[in-house]
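Remarks on the structure that follows.
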Amino acid sequence: MNKMSIRERISTTMRGYGIIRRYCPGLVQSKTCYEFINALQPFLSVWFSARIIDELSARRSLKTVTAYVAGILLIQFLCSVLKSTANRVYTEKQSQMWSGFGKIFSDKQMSMNFADLENAQIQHQRQQIEESLYQFGNGLARLVWDIPDLVLAGVNIVSSLVMTWSLFTSRSGNAALNHSAWILIVLLCIALGGLSNSKATVKKNNAFMRWSKDTTWFNRTFQFFGRELYVNTEKAKDVRIYEQNIIASKVLDKLLQHDRENQSDIFKMSVYPAIAYVTIGLANAVCYLYVVAKSFFGAFGVGSIVQYVTVLSRLGEGLQALMYLLSDNKVYCLHLQNLFDYLDRPNPMYQGSLTVEKRDDNEYDVEFKDVSFRYPNTDAYALRHVNLKFKIGEKLAVVGMNGSGKTTFIKLMCRLYDPTEGEILLNGVNIQKYDYDEYMSLFSVVFQDFRLFALSLGQNVAASAAYDTDKAQRCLKKAGFGKRLSAMPNHLDTCLYKDFDTDGVEISGGEAQKIVLARALYKDAPFIILDEPTAALDPVSEYEVFSKFNEIAGDKTAIYISHRLASCRFCDKIAVFHGGAVIQIGTHEELLAAANGKYHELWNAQAQYYRTQNT
Ligand code: ADP
């Protein structure tokens, strides 16, 4: 990690707060509001109390005293109301803070170049940043947690300076006490107190870190024997009868030995705070003596003594908070910088601007023109000179052995990657020229590792909270889920799984696949891509689902990726991939007729497998 300049730290911190404001709206504002009132309240009380004491010890006007008492009560009441309102808002906002942070990462992941999404190094970087944020609050959470100190430092320093100014400007009977050098002396004493306290805290913490670094063995030993003694019932009897004392004395001996070896750190842990207390005490004594002396020589009344003494100690607190913030800022800025490095990773993929013609006739055709592709940082081609053309309404099957390039072909078609060579055309135009999001909306993809959520069945199908009931039902029926739907206790409102609803229903792998299929249909995109969508089904059920596909997909273009040839034979066109190239294209019958072809070979190999399975 590089050291950062003050300017960089300021801009990093500001950007961090900007991100929090965007992803967790109201969080920083409500917390700041609460802390501001909280920090200001004591100053208001002190000011009113000082005026009341002054009044009682001098003029004793009942009217004035009553006015001050009423003033302080009213202000306390208003502060309490505002504080509790701000706190309520803050509590609610804070409960959403972690999901807000999660959204920062998911947004970036979604907008990231797909190659980066598959790049282990970048994903490792993200994982480290997330872990550090979620486990220790490093980075963004620190910004939120530092708000109390930030506000306290600001309010205390400004209010204290304002409320102590009259201490220096008021005239006493002793000319020496009226000298302006006292401003410097008093402020230096306060700063010295604050500085020694924060330095002592840092040094004490360092000593503690050194001391506790060696005590992990103690925790581990303690945990181990704790488990042995209390959890492991098999051994507990023996351990209790024979070994308890030995273990206890062993651990104790070790701890005493550790303390003997680390005496200097133990000494530092107690001596630094002690030095700080003495320094603060002496510095405060100088200030308080000055205040009392000035009052003694007639500069102000008793009430003002209370005000100045209280306010000067608040000034010390403010300075301490400021010093803590500055040292904490140094650390969290480095963590924030790591986050920004990840967030600022550019997406070099060309973002086109052409609108995709939404054709009522659904007349789209896609053409791969001599497409070759290499994954980033690899030498081998995953696809080589692929030429393929297909029209809307066609059912295309992409078959081939594992690693032959089927998924890569789909990834290129969906523009998750751009071809290394050649081009892909939609209605004769290079797909890179289309607006990325619009182009993506043409596809409904059912991935092999699909996810369903513990929400209602209808919401799962629509992939949104509000949905068209009739359409959801139609899609589920088309996907072969009709019978099961009528058996569902709350129909479309039935919750899937039991995570959030004890009445939720558990569904089988096959049923889940049908729901995912219905989801793809609900999106109503002209292209449906199914990447081994029935992998969890046995070959017979898979065939059953596939044979109904013409009916399910209707006039949409469906592309099936499968390594089970039997399931794809109803397709209009079958493309056989091998070693990244399309080596055969044709109907099932045509391909099977080519006795020397790969399809024929794979078909026979698989047919044999099924025969063996069935016998
Ligand atoms: P299939 O879907 O037919 O199993 P893939 O398209 O997944 O095949 O893989 C084709 C080739 O590309 C394989 O050699 C595979 O190792 C390689 N490959 C796939 N994904 C990546 C990736 N993210 N990075 C590098 N190489 C990859």
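The values are calculated or read from the model by the stated rules, or taken from the named source; none is laboratory data. Small disclaimer: the values here were computed from a predicted structure and weren't measured. As a convention, Cβ positions derive from the backbone with ideal geometry for all residues, glycine included, and neighbour counts pool all protein chains shown. All accessible areas refer to the heavy atoms of the entire protein, side chains included, with ligands and DNA or RNA removed. Shrake-Rupley method; radii C 1.70, N 1.55, O 1.52, S 1.80 Å.
Structural remarks
- Test: residue 78 is in a helix (DSSP H, G or I) and surrounded by fewer than 16 Cβ atoms within 10 Å (Cβ to Cβ): yes
- Failed criterion for residue 52 (all others in (1) among the β-branched types (Val, Ile, Thr); (2) within 38 Å of the chain's Cα centre (by Cα); (3) more than 16 Å from the ligand (Cβ to nearest atom); (4) open to solvent by less than 50 Å² (accessible area, probe 1.4 Å) hold): (2)
- Residue 368 being part of a strand (DSSP E or B), within 14 Å of residue 581 (Cα to Cα) and either of a type outside the set (Lys, Arg) or out of contact with any Ser or Thr (no Cβ under 6 Å at 6 or more places or on another chain) (or both): yes
Residue by residue, here is whether (1) within 16 Å of the ligand (Cβ to nearest atom); (2) open to solvent by 20 Å² or more (accessible area, probe 1.4 Å) holds:
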residue: 86; (1), (2): no, no
residue: 95; (1), (2): no, yes
residue: 101; (1), (2): no, no
residue: 105; (1), (2): no, no
residue: 109; (1), (2): yes, yes
residue: 124; (1), (2): yes, yes
residue: 132; (1), (2): no, yes
residue: 135; (1), (2): no, yes
residue: 144; (1), (2): no, no
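- Of all residues in the range 423-440, none satisfies being within 15 Å of the ligand (Cβ to nearest atom) and not polar (S, T, N, Q).
- Set 266, 247: member being outside the structural domain of residue 153 (by TED's automatic domain parsing) and modelled with pLDDT of 80 or more: 266
- Meeting the requirement of 3 or more residues that are away from the ligand (no atom under 16 Å from the Cβ), modelled with pLDDT under 75 and touching a strand residue (DSSP E or B) at 6+ places or on another chain (Cβ under 8 Å), the helices (runs of 4 or more DSSP H) wholly within the range 497-615 are 549-553.
- Selection within the range 380-396 - within 13 Å of the ligand (Cβ to nearest atom) and either out of contact with any strand residue (DSSP E or B) (no Cβ under 7 Å at 6 or more places or on another chain) or not aromatic (Phe, Trp, Tyr) (or both): 380, 382, 383, 384, 386
- Close pairs (7 angstrom Cβ cut-off, 6 or more residues apart or separate chains): at pLDDT below 95 in the range 166-182, part of a helix (DSSP H, G or I) and polar (S, T, N, Q) anywhere: 171/178; 172/178
- Checking every residue in the range 33-41 against the condition of being within 21 Å of the chain's Cα centre (by Cα) and open to solvent by less than 40 Å² (accessible area, probe 1.4 Å) gives zero matches.
- With respect to (1) of a type in the set (Val, Ile, Thr); (2) away from the ligand (no atom under 14 Å from the Cβ); (3) exposed (fewer than 15 other Cβ atoms within 10 Å of the Cβ), the lone exception for residue 366 is condition (3).
- Flag if residue 177 is more than 20 Å from residue 279 (Cβ to Cβ) and in contact with a Lys or Arg (Cβ under 6 Å, 6 or more places away or on another chain): yes
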